[in-house]
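The values are calculated or read from the model by the stated rules, or taken from the named source; none is laboratory data. Keep in mind it's a predicted model, so treat the numbers as computed, not measured. In this analysis, Cβ positions are derived from the backbone assuming ideal geometry, glycine residues included, and neighbour counts consider all displayed protein chains. These area figures cover heavy atoms from the full protein model, side chains too; ligands, DNA and RNA do not enter into them. Shrake-Rupley method; radii C 1.70, N 1.55, O 1.52, S 1.80 Å.
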Amino acid sequence: MSLDPATRVSLALRGRVLTPRSDGGLTVFPDGLLLADANGVIVQIGSYRSGRKRYPGPVRDLRDTVLIPGFVDAHVHYPQTRIIGRATGPLLDWLDTSVFPEEARLSRAAYAEAVAAEMIDRMIAMGTTSAAIFSSSSPTATERLFTHLAARGMRAAAGLTLMDVRSPKALKLGREPAMKAMRRLVRRWHGHDAGRLEVAVTPRFALSCSRAMLREAGRLARDEGLLVQTHVGETKQEGRLTLEAHGYADSYVGVYDAAGLLGPRTVLAHAIHLSAAEWDRVAAQGASIAHCPDSNFFLGSGRMPLAPPVRRGITVALGSDVAAGRSFSLRRAMASAYDNAMCLGKPVDPATCFRMATLGGAQALGWERRIGSLEVGKEADVVAIPMPREATTAEAMLANLVFDTDTPNAAAVWVRGRRLL
């Protein structure tokens, strides 16, 4: 079958191809050809030999790399870009000592501007093309973040981090001004660039939000159809304090459920210390999990077992969780996820880690019809990763991608067929 003669190919890449598929499988082409049209949509993918019969035009030769879908970071903090490695944990101490003072600096527009540009540069360099991002509680900083995301054509969900109680004065923002700022963000940015940007309702965690704030956030998410992202069950201390603060709830997950914040468009980060009943509740409401193993190791928060969500059919994605996570690289996150599972005595294979970092992230965020895999009809968010010549099987390529993180990261990155790196 030939390409439609009316199709104008704007991107033609030759290289090894490795991608998860929407049907649950994995596709590999030791010598593949990927074509995208002028809109940045994949119109052909397959073996180079058969593809050349349909497309005789110019092709960029990247046979020293593997072409994969852009990584999808399901949980990352923009204001923490410059404090990676500040080892002042555990969680609540680390927030007070390292995180909150840095987040307060983002109220200065020039500083917020510089950090936004730096974060996006670092994500792209690691092959991340889409993300769910926590901003700070500053509306100015959040505007700067969206402006930079839009300029790069990134796909992202981001939102003002909601904090109205038990928070430093410099970061605390009352319910009414916070909701007004969120509505302004929705009007300006939600659905921008054909839906590539979304505004997300972002309670930092239940401990920093009053019940009224959580309820207003739930109402806004429902009224506007917004993604919800927050933290849950990261440490036992946090969970205990949350139930003391929200005594009306039967569990940490129950706090969010009571506020209308738990549903199919909810992504819960960490989820280390959840009961079986809480896992059942997450599954029943169709929420997803952002697994952040590197962060969990760094702060000593614990190890999230993959078996409970997987057994219940809950979608699990990977998050770098910078800055408790020590790198923007989802290759490192994949290796940490593998190590985490091994430590728990419940091994997972590298293909599972790869899926969580790509299509799993897209599914958690509701973007799987557009991104997350290299398939005809999806946007050409493509990353070329340098790969040893001898790695021609899926097993060999996955071993390099997941574990050989001394090798270079992205050699080239495209978003909707437009080169960013």
Can you spot the aspartates and glutamates whose alpha carbon is less than 19 Å from Lys169's alpha carbon? Ignore those fewer than 8 places along the same chain. Asp93, Asp96, Glu102, Glu103
What does the charge dipole of the chain about its Cα centre add up to, to the nearest 20 debye, if the Cβ of each Lys and Arg holds +1 and the Cβ of each Asp and Glu holds -1? 880 debye
Listed residues Gly263, Gly372, Gly319; largest mean-square fluctuation, Gaussian network over the chain with Cα springs below 10 Å, found at Gly263
Probe 1.4 Å - accessible area at Cys343, Å² to nearest ten: 80 Å²
Length gained if Arg188 through Asp250 is fully extended, taking 0.36 nm per residue and subtracting the Cα-Cα distance, is 18.6 nm
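Quick one: order Lys180, Lys169 from most to least accessible surface, probe 1.4 Å.
My answer, sorted largest first, is Lys169, Lys180.
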For region 44-108, using Cα atoms only, the Rg and Dmax in Å read 22.7, 61
Give the percent of DSSP beta bridges with both residues in region 32-150 that are antiparallel, rounded to the nearest 5. 50 percent
Testing the spin-label approximation: label points 7 Å from Cα along Cα→Cβ at Leu344 and Arg52. State their distance in nm. 4.7 nm
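Any chance you could run the full-extension gain for Thr97 through Ala399? It's 0.36 nm times the residue separation minus the Cα-Cα distance, nm to one decimal. Can you show the working numbers first?
Numbers: separation 302, 0.36 × 302 = 108.72 nm, distance 3.77 nm.
Result for the pair: 104.9 nm of gain on full extension.
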Tell me the angle of helix 175-189 to the major Cα principal axis of the chain, expressed in degrees between 0 and 90 and rounded to the nearest ten. 20 degrees
Measure off 7 Å from each Cα along the Cα-to-Cβ vector at Ala151 and Asp61, then give the distance between these two points in nanometres to one decimal. 3.6 nm
Cα centroid separation, region 125-202 to region 98-118 (Å): 13 Å
Based on the Cβ-Cβ distance from Arg215 to Leu241, what FRET efficiency comes out when R0 is 22 Å, to the nearest 0.05? 0.65
Please compute the volume of the convex hull spanned by the alpha-carbon atoms of region 309-353 and report it per residue in Å³. 82 Å³
Relative to the longest principal axis of the chain, what angle (0 to 90°, nearest 10) does the C-alpha long axis of helix 394-403 take? 40 degrees
May I ask for the percentage of alpha-carbon pairs in region 269-397 that lie more than 21 Å from each other? 43 percent
Given the DSSP H assignment, sum -39500 (n - 2.57) over each helix run of at least 4 residues in the chain and divide by its residue total; what's the result at 222 nm in deg cm²/dmol, nearest 500? -11000 deg cm²/dmol
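Just for the chain, what percent of DSSP beta bridges are antiparallel, to the closest 5?
45 percent
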Inter-site label distance for Ser275 and Ser22 at 7 Å from Cα along Cβ, in nm: 4.0 nm
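If one computes P(r) from the Cα atoms of the chain, what percent of pairs lie at distances over 36 Å? The partial results should precede the final answer.
Details: 19649 of 88410 pairs.
Within the chain, distances greater than 36 Å cover 22 percent of Cα pairs.
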